Amino acid sequence: MSAQAAKKRTSTPTKPTVAKSTAPRTRSAPAYHHGDLPKTLKLAALEVLSGPEAHLLSFRDLARRLGVTTAAPYHHFKDRTTLLVALAIDGYKLLYDDFLQAAQESEQYADRIRSLTLAYLGFARRERGYYAAMFLPEVSAASSPELKSAANLSFDLIRDLIAEHRPDLTREQASERTVSIWSFLHGMIVLSAAGPLSRRLPRKEQDRFAVESIERWLGSDPA
């Protein structure tokens with residue numbers, strides 16, 4: 001392999017300068033007294049979204065859980081969709097943080113792809129509330145430049161990594177590969193949570209299958 005090719009193999013993909021997310025990782029929402037109600041509302045919403053009754057999320061229910069008036073949430077969020085969009089933005093930023101950490105674990109392309117695949121699956125399983133918010137139809141339909149920007153962070157990181165190590169692909173083709181990977185992993189998460197996949201494959205086998213499938217799709221790192 002030439003020195004130039006070797007340098008290409010171990011180079012670090014360019015990353016946009018983005019401040020590390022300050023959004024809290026999922027935990028149980030505390031009872032509200034006189035503190036940060038927006039943050040507490042988010043935590044309470046994450047708790048609901050992480051459970052089997054996510055579709056029942058409402059400001060009335062959140063207010064009841066926190067012991068505040070039904071009008072209190074509206075002082076901080078216009079409506080349910082506004083709250084969900086805020087959670088989705090936080091979720092995408094946290095996912096990007098996880099991706100950055102995973103990408104820095106190795107200089108080898110194949111190792112990075114493996115780490116990023118496992119980082120995605122781990123995030124979706126661990127941060128179920130954020131993950132649910134990120135893909136709700138009403139969130140996807142929302143017109144929010146901040147949401148679009150946050151969602152693009154992780155997508156662009158994967159696309160740029162593929163494009164850097166697969167010079168035979170056009171930018172559009174690298175984007176198509178990224179869409180395929182994201183769709184595949186999202187489908188695995190949905191099927192596993194619903195039961196059909198988890199009944200057939202233990203989690204470790206799901207991870208192995210995901211990594212091996214994506215490695216086949218992307219092909220070997222060209223010399």
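Every read-out reported here was derived from the displayed coordinates using simple, explicitly stated rules and does not represent laboratory data. None of these values were measured; they are calculated from a predicted model. Virtual Cβ from ideal backbone geometry, glycine too; neighbours counted across all protein chains shown.
Data overview
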item	result
Inter-label distance for His186 and Asp111, nm, one decimal - labels placed 7 Å from Cα along Cα-to-Cβ	3.1
Ordering of 128-140, 55-67 by burial proxy (mean other Cβ atoms within 10 Å per residue, highest first)	128-140, 55-67
Contact order normalised by residue count of region 87-223, Cα under 8 Å, 6+ apart, percent	31
Where labels lie 7 Å past Cα in the beta-carbon direction, separation of Asp36 and Phe209 in nm	4.0
Cleavage-rule hits (GluC sites (Glu not before Pro)) in region 142-223: DSSP loop, at most 13 neighbouring Cβ within 10 angstrom	none
Given Lys93/Lys148; Lys78/Lys148; Lys148/Lys204; Lys42/Lys204; Lys42/Lys93, the pairs whose alpha carbons are separated by over 22 Å	Lys148/Lys204; Lys42/Lys204
